[in-house]
Amino acid sequence: MSEKKPVIVPAIAPRRVCPVCGKASYSRTGTHPQCALARADAVSNQARKAANVPLDEAPRKLWSKPCPKCKRQIHARRIVCDCGHNFGSVPGSVEVPRDHQSSKLVRQRPR
């Protein structure tokens, strides 16, 4: 019979603790990159408040567009606004009129 000898586990140096969030850090400097960014943003926000500089306007939403007729924000893929403005009118394109006759073209299921 063979016996297994115990394996010696080398001592692993404890990881540095991030001074911002208090968790073990994997970076060389000891501070997580996202924590360093949060710390820098906090400093710049304090400097901006001390200088009484107004904040920028809210960024434009990527999936919405303003209607030039009623000034509402609607989804970017909508072609017709609720107020009736048609975004699909491109120069050189043919506009299809929307009336009740077009609803008759829909096939009905056989009974």
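The numbers here are math on the coordinates, done by the rules we state, and not lab data. No experiment lies behind these values; they were computed from the predicted model shown.
Details
- Length-normalised contact order for segment 14-55 - Cα pairs under 8 Å, 6+ apart - percent: 25 percent
- Once the chain from residue 17 to residue 43 is taken as fully extended at 0.36 nm per residue, the excess over their C-alpha distance is 7.2 nm.
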